[in-house]
Amino acid sequence: MLAYDPEHVGPELPVPLVPLTGVQGVLQRRILSPRGPDFAAAQRRTAAWAAVACGLTAAAALLPSAARWGGLSCASLVALVAVARVWVLVRAQRLQTAFELRWREAQTAVLRGHCFEILRLTVRDSDDIPGGWLGYDLNRLDQLRELLVRRARSLTERPLAQVRIEFAYWSTPGTTMAVAEVRRNLADLEVLAEPSGSACASVRLPEARYATAPDAAGRPASFARWELTGQVVVGPAGPGQGFGSAVGTGVGAGAGGGG
């Protein structure tokens, strides 16, 4: 079910075509596209086949009777291709819709379990208050403790302190790195007091998800986009048991993303 390597998580993923074998798979790839579910283009091509069939039928009616049968035979053959394409598209759309849901759930599970390397974590008292963002290095014990103290203090403070986390992801696995960010209220951030088990300070998004939206005609989507909503957990590098022993259990309601 997983169409992408676990390391390939990013803001936008092409939705693969439902894997089919045999004659049905060959027809689907031929009529749609081996690269993905482009139903809009396939429907336009099918409409063109139907238009050609109608044109040939009209032209055959103008031919002499001796040639009319040949013209109508050609028109019938083209019409048969158009009908076959319609049948394949209707069935493929139903199968693709069901596959897309299962695929999206699988990719969401990969996203939620993925640890992203933190490039920068900064805090400020409020977006409404002038002043710069104060950075914290989670790999330094003194700064980790300072962040924990600052977070505990933010639970009762107003205005709410804000935290911005910039993290890296592979836009092309193993070759191209890009940067995204999430923002939350500092009180909603979960901070690990113990090492996360990763090689660098990292962030995990256990409530993020991939979402798709059909086009205006209700056709299956070609791309899934991440929604970095909900809980955010950060931790320092070093040997450990993975993400656990979190300080704070708040859940942020904001969303972030981009690259």
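The values are calculated or read from the model by the stated rules, or taken from the named source; none is laboratory data. This structure is a prediction, so every number in the text was calculated from the model and none was measured. Using ideal geometry, Cβ is built from the backbone for each residue, glycine included, and neighbour counts are taken over all protein chains shown. All accessible areas refer to the heavy atoms of the entire protein, side chains included, with ligands and DNA or RNA removed. Shrake-Rupley method; radii C 1.70, N 1.55, O 1.52, S 1.80 Å.
State all residues of the stretch 83-104 that are among the small types (G, A, S) and modelled with pLDDT of 85 or more; if no residue qualifies, say none. Quick ask: steps written out before the conclusion?
Taking the stretch 83-104 first, the residues among the small types (G, A, S) are 84, 92, 98.
Within the stretch 83-104, just A98 meets the criteria.
Working only within the stretch 15-68, note down all residues that are modelled with pLDDT of 70 or more, under 28 Å from A211 (Cβ atoms), open to solvent by 70 Å² or more (accessible area, probe 1.4 Å) and assigned to a helix (DSSP H, G or I).
Across the stretch 15-68, the qualifying residue is only R44.
For the stretch 82-115, enumerate the residues that are loosely packed, with under 15 Cβ neighbours inside 10 Å and either more than 30 Å from Y169 (Cα to Cα) or touching a Gly at 6+ places or on another chain (Cβ under 6 Å) (or both).
V83, A84, W87, V90, R91, R94
More than 31 Å from the chain's Cα centre (by Cα), more than 29 Å from F223 (Cα to Cα), at pLDDT below 85 and hydroxyl-bearing (S, T, Y): does that describe S154?
Details: more than 31 Å from the chain's Cα centre (by Cα): yes; more than 29 Å from F223 (Cα to Cα): yes; at pLDDT below 85: yes; hydroxyl-bearing (S, T, Y): yes.
The answer is yes for S154.
Looking at the stretch 175-182, can you tell me whether even one residue there is small (G, A, S), in contact (Cβ under 8 Å) with a residue 24 or more places away in the chain and part of a helix (DSSP H, G or I)? Walk me through it before giving the result.
Just the residues of the stretch 175-182 that are small (G, A, S), to begin with: 178, 180.
Cutting the leftovers down to in contact (Cβ under 8 Å) with a residue 24 or more places away in the chain gives us 178, 180.
Filter once more, so that each one left must be part of a helix (DSSP H, G or I): none.
No: the stretch 175-182 contains no residue that is small (G, A, S), in contact (Cβ under 8 Å) with a residue 24 or more places away in the chain and part of a helix (DSSP H, G or I).
Pairs, please: C-beta under 9 Å, at least 6 apart or cross-chain, first residue over 14 Å from D188 (Cα atoms) and in contact (Cβ under 8 Å) with a residue 40 or more places away in the chain and in the stretch 144-164, second of a type in the set (F, W, Y) and surrounded by 14 or more Cβ atoms within 10 Å (Cβ to Cβ)?
If the second residue must be of a type in the set (F, W, Y) and surrounded by 14 or more Cβ atoms within 10 Å (Cβ to Cβ), the pairs left are L144/Y136.
Residues checked against (1) modelled with pLDDT of 60 or more; (2) open to solvent by 20 Å² or more (accessible area, probe 1.4 Å); (3) outside any loop (DSSP other than H, G, I, E, B):
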position	(1), (2), (3)
A199	yes, yes, no
V203	yes, no, yes
A216	yes, yes, no
F243	no, yes, no
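Condition first: over 28 Å from the mean Cα position of the chain (by Cα) and either modelled with pLDDT of 85 or more or not hydrophobic (A, V, I, L, M, F, W, C) (or both). Now tell me which residues in the stretch 157-182 satisfy that.
Just the residues of the stretch 157-182 that are over 28 Å from the mean Cα position of the chain (by Cα), to begin with: 157-161.
Across the stretch 157-182, the qualifying residues are E157, R158, P159, A161.
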